[in-house]
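Worksheet for the structure shown next.
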Amino acid sequence: MIQKIAILIVAGGNSSRLGSAKQLLPFQGKTLLRRIVDEACLDPAHSVYVVLGAEHQRMQEELLGTKATAVLNKHWMEGMSSSISVGIHAILKAQPELSHCIIAVCDQPFVDASLFQALKEGDEKSGRGIVTTGFAETWGTPCLFSKAYFPELLALEGPKGARPVVLMHLEDIHITPFAAAAIDVDSMTDYYNLPHRMVSV
């Protein structure tokens, strides 16, 4: 049963493929970063941490008025795994009793509070240590990890995020379907098409 949970939003990259900071792109009245932060903060039981890196001062302004805690990754150039490790370290320093953590990114604009709740329910019903989000015949973020996997998350290196940890423990995963998680922003074409997509969850 989940006792203490944090949501770790990884937002440290420089969006090199997109050409500008995707975190600050506006969508439905908010930036992509503020949108995911607000959804994560809707449940008062969540503690919310955001790992920043490139243009961190601009990004931090987006957190004003929220309960989210900013964590700076000075080595964000090393990739997402570095930001996850830095984030988990900061969370455990503040909350050593933490039992679970959900890792999310800010370029999936239709991820919302209902998915975070579904991931927690998936953990409680399945008894598995990892709960991933299922979409487009695959799985990915957001992803919930029990504390048993925190040491492996702390040891991550490289650009692949937490996926290597999941792949090493496929026998311990539960997949929570959420079709809209398939929509992400990797290019300006993706971004310009966002308002016109019909989304079924």
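Observations on the model:
- Residue in region 33-55 that is assigned to a loop (DSSP other than H, G, I, E, B) and within 24 Å of T189 (Cα to Cα) present: yes
- Restricted to region 56-115, and to residues there that are of a type in the set (S, T, N, Q) and part of a helix (DSSP H, G or I), the residue that is modelled with the lowest pLDDT is Q57.
- Count - residues of region 48-96 that are open to solvent by less than 50 Å² (accessible area, probe 1.4 Å), out of contact with any His (no Cβ under 9 Å at 6 or more places or on another chain) and either farther than 21 Å from K30 by Cβ or in contact (Cβ under 8 Å) with a residue 60 or more places away in the chain (or both): 10
- Scan region 151-192 for residues that are touching a Gly at 6+ places or on another chain (Cβ under 7 Å), open to solvent by less than 40 Å² (accessible area, probe 1.4 Å) and of a type in the set (V, I, T) and the total you get is 1.
- Within region 131-148, residues that are more than 10 Å from F178 (Cα to Cα) and open to solvent by 40 Å² or more (accessible area, probe 1.4 Å) reach partners that are part of a strand (DSSP E or B) and of a type outside the set (G, A, S) with beta carbons closer than 7 Å, at six or more positions or on different chains, in the pairs T141/I103; T141/V105; T141/T133; K147/H100.
- Unique match (being modelled with pLDDT of 95 or more and assigned to a helix (DSSP H, G or I)) among L194, L119, L144: L119
The values are calculated or read from the model by the stated rules, or taken from the named source; none is laboratory data. Predicted model, so just to flag it, every value in this text is computed and none were measured. Counting neighbours? That spans all protein chains shown, and the Cβs are built from the backbone with ideal geometry, glycine included. In case anyone asks, the SASA skips ligands and DNA or RNA and just uses the protein heavy atoms, side chains included. Shrake-Rupley method; radii C 1.70, N 1.55, O 1.52, S 1.80 Å.
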